Structure formats: structure tokens, C-alpha cells
Amino acid sequence: MDFDALSLARIQFAANISFHILFPTLTIALGWLLLFFKLRFNATGDARWDGLYRFWVKVFALSFAMGVVSGITMSFQFGTNWPGFMEKVGNIAGPLLAYEVITAFFLEATFLAVMLFGQGKVSNRVHTIATMLVCLGTSFSAFWILVLNSWMHTPVGFEMREGVAHATDWLAILFNPSMPYRLVHMLLASGLTAAFLVAGLSAYRLRRGSDAGEAKLGLKVGVILGAVLIPIQILAGDMHGLNTLEHQPAKVAAMEGLWETRAGAPLVLFGIPNAETQSNDYAIEVPRMASFILTHDWDGVVQGIDAFDGVHPPVAKVFWSFRIMVGMGMLMLLLSWLGLWQLRRQGQIGPWLQRVFVAMSFSGWVAVLSGWYTTEIGRQPWLVQGVLSTADAAAPNVGAGLIWTSLAIYLSLYVVLTSAYISVIFYLARRADDPEAKDFVPVAQELPQGAPA
């Protein structure tokens, strides 16, 4: 299969961001879970909460490091493969990226060391505050990145002068039309990713015979958190979809597999989008349901692909990635509610469901990646909607051969690193009950009264 330089550059950036997004998605919510474990231990003195903190802080540290390292390569690519991006919209993207870096270094990096190595060396109060500041740092970093990403989808608050975007209203840029929906959707996705990983690794420890109460407690926390967040995520996702319909109707047409503008549009449950015939092969549809969901009117008019005169995203990729995200979300809903039902009826999660939760440990990653592909491929052919096309942002003088080489290196490295990461955290789970491994992080204790913090 032949790829031109533009396609290869897009694949390479997609590979980089797909690898990178796995780790911030996990650490944003995992940090707040660590603070929850810490506060519960402070309030109750129950050693199980301290045990949960000491185990998951190792996973957090590893994930945080992977996120920082993988994020650096993305900034390089702005200069090598996408010089048009900073040239055209750098006056807006630059400050937002700078704020993200400043937030990361001042809050996350500064207090991360206290969080990781300060337990037992500073007072418990200082250690708790350091944990909270790291949580705030990860959340603020996510805020700035999502502001920029949302602005690329719904750009406002600027004017073009000689082909370059200049900010005219920073408040409008910060709170652009899709930002609140995208931010909430992403934070909830982070919570679900962390919830299912906590449930999965805790179930793994129980399946291996762990008699530590913290493993059973971790499974309970993960299941309850997932069961609570999924319905909220469905509601937030629906609101995000309606916002997308208002500002990026071509994306919604691709998501729904609607080729023709029509009233009473059907909901396509399954089908194989066919770009040549402008139809869906083997389609299974629910009549008029898409109109009802998108317009709250059974006979509402929904724009199809034919309304966009050839300027629209590739339908099949967006159609399938959207369905994978929704399908994974429904599966997560079913399992978390089934787990909650078992907890209420039996007081514990049964063995077979424990196995399922182990298998679903990284289900959040699958949902996040498929959702990310839906929104980013759905923006094509624009890099900044209506302002800068992807083709115009690409480097004109970087050959396909050079990108092929670097892409192969990136993909090989990412496969090795992802495999190593998963192996290490399951290794940590197997060692969690080993007394020697527990000594890796000192047991939390208050310093003597009057000792310096």
C-alpha cells in the first residue's frame, strides 16, 4: 500500500498522540483516587486505605513518567512535520501550550517528589497537601490541553491578519463553544479508565489468592466508581454530541452513517459504509430514531454527507470508531452494574466476574482511543475547523521515506514500552502482598510533634 508524505505524517502523529493519551487519561483520575485513599486513611486509620495508597502510588508514578516522556515527542513534531500549525495559529496555540507546561512543572513536578518519597519524612498533613496539589496540577494540565483542542474544533475569539491568527478575546478562546462539553467528557473518561484499572488489578490480586483486605476494598471502590460514572458519562456524551451537531454537523453525519439529508433519519445500528455507493451495506436500522435523538423530533431534519460538498471526514473510520466507543461504554455499564448488584446481594464480587474485570482492566483505554479517533478524524480535512486545513499545515519538504523510517522506530518503541508498562504493573500487583515489596514505600506516620515538616 502506497502512502504519501501527508498520510504518513498524519499516521505518525496519530501514533504518538495515541500512545501519549493513555497515560494522562489514567493519571488525572488516579491522582484524585489516591487523594481519596489518603483522606479515608486519615479519617479512619484503617490500614487498608493506606495499603491502597502505597500500591497505587507506584502505578501513578510509572504512568506519570510515561506520560511526560511520550508528550515530549509530540512537541518535536510540531516543528518537523507540522510547521504550518505554529506558523498560522501559533499566537493562540503557543500560550496555551506554555500554560500547560508551566502548570505541569510548577504543581505536578514540584510536589510529585514529596508525594512519592515524602511519606514518613514529612508530616502527614504536608504529604496530604502535596498529593492534593499534584491532583490539581494534572487537572489544570488537562484543562489547558483541552482548551487548545476544543478551540481547534470550534475556533472563536481571533481574527486573521495576513494569514495568521491573532487573539482578540482570550476569554472567548478559553471558553470556546465545545470546551465545557469536551472537558467534562474527558474527565469522566479518565475516571472510568482509572476505575476499571483499579477494579481489574484488584480482582487480579484476589484471583491469585491475595488475602489482603485492601485488594477486596480496591475492587469495591473500582466497581462503585464505574457504576456511578457511566450513567453520567452517557448523559455528558449526549450533550457533547448535540454540541457537535451544532458546530460540526459533518462529523455527526459521519458518526451516524447518514449519507443523505432527510427528515425522520434512521439510527444505523450496524452497517458497512460504502463511499462508492454513498450508502451502508448490510445496514440494520431503527426508523426515525437518529432524528429523535439528535433533534428530539421523530421527523426532524438531519444533515447527511451530501450536504457538505465533498468537504467531510472519512465516513467509515468515524462510523466504526464511534461504535467501538459506545459499545465499550455499554459493556462497562453492564459489568459495573452487575458488580454493584453482586456487592449488594452477596457482599462481594463472584469469581467469574472477577475474571471479567481482570480482562476489562484496560477497557477505559479502548474507549478513550476510539472516542479520540472519532473526534479527531471527524474534524478532517481541517486541522483548525474552517481556518487551517491539515494539508496546509504539513511540512512541504519532508519526504515520505524519512517519515516511514521515523514512524517505524516510533511504532516499535511504543509496542515495547506498552508491553513493558502492562507487564510491570501486573508484576507490582503480584508483589503487592510481599512484605519486602511493601517496604519500598515507608508506612505513613506522623512526625513527632514539633519536628520540622
Note to self: Take the residues in region 387-397 that are open to solvent by 30 Å² or more (accessible area, probe 1.4 Å) and not in a helix (DSSP H, G or I); name whichever of them is farthest from V311 (Cα to Cα).
What the structure shows: N397
Next item on the list: Look through A29, A14, A9 and report the one residue that is under 30 Å from I403 (Cβ atoms) and buried (at least 21 other Cβ atoms within 10 Å of the Cβ).
Entry: A9
Check: Of all the residues that make up region 168-191, how many are open to solvent by less than 20 Å² (accessible area, probe 1.4 Å), within 16 Å of V89 (Cα to Cα) and aliphatic (A, V, I, L, M)?
Finding: 1
Next item on the list: Return a yes/no flag: does region 81-91 have any residue that is surrounded by fewer than 18 Cβ atoms within 10 Å (Cβ to Cβ), free of Cβ contacts under 8 Å to residues at least 40 places away in the same chain and under 24 Å from G218 (Cβ atoms).
Entry: no
Item checked: Residue pairs meeting the criteria (Cβ under 7 Å; at least 6 apart or on separate chains; first farther than 18 Å from W259 by Cβ, in region 281-304; second surrounded by fewer than 14 Cβ atoms within 10 Å (Cβ to Cβ)) -> F292/W298; D299/A263
Notebook entry, point to check: Within region 114-142, how many residues are open to solvent by 50 Å² or more (accessible area, probe 1.4 Å) and modelled with pLDDT under 90?
Noted result: 2
Margin query: Can you find a residue that is aliphatic (A, V, I, L, M), surrounded by 15 or more Cβ atoms within 10 Å (Cβ to Cβ) and at pLDDT 95 or above anywhere in region 357-365?
Written below: yes
Next item on the list: Only residues that are part of a helix (DSSP H, G or I) and open to solvent by 10 Å² or more (accessible area, probe 1.4 Å): list them for region 245-272, please.
Entry: L245, E246, H247, P249, A250, M255, E256
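Out of A199, A215, which single residue is part of a helix (DSSP H, G or I), open to solvent by less than 20 Å² (accessible area, probe 1.4 Å) and at pLDDT below 95?
Of A199, A215, the one residue that is part of a helix (DSSP H, G or I), open to solvent by less than 20 Å² (accessible area, probe 1.4 Å) and at pLDDT below 95 is A215.
The values are calculated or read from the model by the stated rules, or taken from the named source; none is laboratory data. A quick note: this is a predicted structure, and the numbers were derived from the prediction, not measured. Virtual Cβ from ideal backbone geometry, glycine too; neighbours counted across all protein chains shown. Side chains included, ligands, DNA and RNA excluded: accessible areas come from the protein's heavy atoms. Shrake-Rupley method; radii C 1.70, N 1.55, O 1.52, S 1.80 Å.
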